[in-house]
Amino acid sequence: MNEVEILNYAQLNFIQNAIYMLVFVGLIFITFRLIRFQRENNSNILGKIFVTVFGLCSVFFGYNVFSFLYSNQLAQSYRLSELQSQGVELSSLSQNWIDFIGYTVSDGLPIPFSPEPAAIVFVITFAAMIIAGVWMNLSKD
């Protein structure tokens, strides 16, 4: 695989991830709307369970989206550095990508199912908001 193919595949991965991210934003909206609806209608336990399960599925989907993004970034850097280690001259764009991400062949293959730390904080916060929104009394009274 040459440099242009690596860059093209990476761009396709970023486009794919952007579409998944739009779906995730839609799921966030639907989840919070469901939480509000079940609170306004004083939903029973079964309704709360369904909303919680849907919300936690949305959390898991978001975890996957963030994982795909991060692993694709690391994989692009890994592939370009692998190409460079074979003696191929890289463009300045590719060299800057390797320097920016900082992941090379010496680091080994990227871990496939782990997002970056900021994404983990976001996903945990989202999960806590879902559980608190469904099961806790958050009124000021």
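Just so you know, all these numbers are worked out from the coordinates, no wet-lab data involved. Note that the structure is predicted; figures quoted are calculated from it, not measured. In this analysis, Cβ positions are derived from the backbone assuming ideal geometry, glycine residues included, and neighbour counts consider all displayed protein chains.
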At a Förster radius of 30 Å, what calculated FRET efficiency corresponds to the Cβ-Cβ distance of residue 57 and residue 136, to the nearest 0.05?
0.90
Roughly what angle does helix 3-40 make with the longest principal axis of the chain, taking Cα atoms, 0 to 90 degrees, to the nearest 10?
10 degrees
If one takes the longest principal axis of the Cα atoms in the chain, at what angle in degrees, from 0 to 90 and to the nearest 10, does the Cα axis of helix 92-101 lie?
50 degrees
Distance between the stretch 22-54 and the stretch 68-141 - C-alpha centres, whole angstrom
28 Å
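Can you tell me how much longer the chain between residue 18 and residue 105 gets when fully stretched, taken as 0.36 nm per residue apart minus their C-alpha distance, in nm with one decimal?
Between residue 18 and residue 105, full extension yields an extra 28.6 nm.
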Can you give the angle from 0 to 90° between the axis of helix 45-85 and the longest principal axis of the chain, with both taken from C-alpha atoms, to the nearest 10?
10 degrees
Hz values of 3J(HN,Hα) by residue in the stretch 128-137 - Karplus curve (6.51, -1.76, 1.60), Gly and Pro given as x:
5, 5, 5, 5, 5, x, 8, 9, 10, 7
By average Cβ neighbour count within 10 Å, what is the ranking of 23-29, 59-65 from highest down?
59-65, 23-29
Where a ≥ b ≥ c are the square roots of the eigenvalues of the C-alpha gyration tensor, would you call the stretch 63-106 rounded, which needs a/c under 1.5, or, failing that, prolate if a/b is larger than b/c, or oblate?
prolate
Treating only the Cβ atoms of Lys and Arg (+1) and Asp and Glu (-1) as charged, compute the dipole magnitude of the chain about its Cα centre; round to the nearest 20 debye.
900 debye
